[in-house]
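Enquirer: Once you've had a glance at the structure underneath, I'll fire off some questions.
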Amino acid sequence: MQSGTERPRHTAIVMDGNGRWAVSRGLPRIAGHREGASAVRRTVEAARALGLPILTLYAFSSDNWSRPRPEVGALFTLLREYLDGEATRLRDEGIRLEVIGRRDRLPDEVVAAITRAEGTTAAGSSMRLRIAVDYSARETIARAARRLPRGSESPREDLSRLIGGPDVDLLIRTGGEQRLSDFLLWEAAYAELVFLPCPWPEFSRSHLEAAIEEFSRRQRRFGRIDDAAEAV
Ligand code: IPE
Ligand code: IPE
Ligand code: MG
């Protein structure tokens with residue numbers, strides 16, 4: 001792949017900074033998560049309008065279980081409201097929703113909402129929206145490794161297939177931190193990273209457009225050298 005007008009096939013976003021956004025306004029952290037849910041609606045709409053084929057959003061990491069119970073509860077309530085409130089709209093827009101991550105530790109009503117929303121949107125073919133919930137990249141890789149055929153001749157390909165996610169082209173993290181926090185570690189091997197100071201509740205279409213613009217300016221080499229350098 002070359003730089004230029006290239007657009008990401010798979011964009012992944014670490015939606016971070018909700019809590020700090022709220023606290024800096026004298027609001028409870030949960031108010032930041034509520035605004036964050038609005039930012040998810042805006043961002044999905046923008047991604048669809050911009051023609052992005054695959055969008056993965058990091059909503060809840062497996063390490064987020066260690067947050068206070070009321071915060072965890074509020075996050076799951078917001079997730080359930082999002083799924084129940086948006087599924088029909090997503091379907092009408094041709095967006096297929098998938099939730100990645102563990103389901104066995106989620107509250108029953110959240111699992112039910114996920115199943116409903118995935119069912120409602122199953123025929124969508126214009127965009128894939130993946131939401132990572134109780135997700136840990138290390139755990140995903142470890143589980144795939146356990147299923148690797150003994151004596152596999154192409155372990156790298158086999159592991160990729162077992163992990164199953166598409167390679168990430170553009171990875172955005174809002175909220176100012178510059179780390180991956182156990183998100184898509186395998187799939188992001190050659191992702192272009194864009195870190196934004198903007199807290200997630202303020203993320204808008206213009207930020208997404210700017211990140212895509214930045215992506216299109218990057219030279220992706222995948223370990224090779226530039227075509228121009230080769231000619232010298
Ligand atoms: C992202 O915002 C949402 C989740 C991780 C669930 P945070 O809640 O991490 O917000 P900060 O980073 O504390 O500001
Ligand atoms: C990463 O954000 C997880 C999500 C955005 C869902 P965190 O706020 O949990 O990450 P750390 O703790 O700053 O690394
Ligand atoms: Mg955070």
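Enquirer: Checking the a/c ratio against 1.5 first, then a/b against b/c, what shape does the Cα gyration tensor give for the stretch 42-167?
Expert: oblate
Enquirer: Next question. Kindly provide the helix-only [θ] at 222 nm of the chain, computed as the sum of -39,500 (n - 2.57) over DSSP H runs of four or more divided by all residues, to the nearest 500 deg cm²/dmol?
Expert: -13500 deg cm²/dmol
Enquirer: I would also like to ask the following. In the stretch 65-148, what percent of the accessible surface is made up of carbon and sulfur (1.4 Å probe, ligands and nucleic acids excluded)?
Expert: Of the solvent-accessible surface of the stretch 65-148, carbon and sulfur hold 48 percent.
Enquirer: With +1 on each Lys and Arg Cβ and -1 on each Asp and Glu Cβ, how big is the dipole of the stretch 10-231 about its Cα centre, in debye rounded to the nearest 20?
Expert: 440 debye
Enquirer: When the chain is fully extended, how far beyond the present Cα-Cα distance does Ser204 get from Gln219, taking 0.36 nm per residue of separation?
Expert: 2.9 nm
Enquirer: Go ahead and collect, in residue order, the members of the stretch 87-108 whose backbone nitrogen is under 16 Å from a label point 7 Å along the Cα-Cβ direction of Glu139.
Expert: Answer for the stretch 87-108: 99-108.
Enquirer: Please give the net charge around Asp167, taking every other residue with its beta carbon less than 12 angstrom from that of Asp167, where Lys and Arg add +1 and Asp and Glu add -1.
Expert: Net local charge, Asp167 excluded: -1.
Enquirer: In square nanometres, what is one fourth of the surface area of the convex hull spanned by the alpha carbons of the chain?
Expert: 14.6 nm²
Enquirer: Follow-up question, since we're still on this one. Kindly report the accessible area of the chain per residue (heavy atoms of protein chains, probe 1.4 Å, no ligands, DNA or RNA), in Å².
Expert: Counting only protein heavy atoms, the per-residue value for the chain is 52 Å².
Enquirer: Still on this structure, I have one more. Please compute the modelled spin-label separation between Trp65 and Glu177, points set 7 Å along Cα→Cβ, answer in nm with one decimal.
Expert: 1.8 nm
Enquirer: Still on this structure, I have one more. For the chain, find the longest principal axis of its Cα atoms and tell me its angle to the long axis of helix 205-217, 0 to 90°, nearest 10.
Expert: 10 degrees
The values are calculated or read from the model by the stated rules, or taken from the named source; none is laboratory data. In this text, all values refer to a predicted model and were calculated from it rather than measured experimentally. Backbone-built Cβ (ideal geometry, glycine too); neighbour counts: all protein chains shown. In case anyone asks, the SASA skips ligands and DNA or RNA and just uses the protein heavy atoms, side chains included. Shrake-Rupley method; radii C 1.70, N 1.55, O 1.52, S 1.80 Å.
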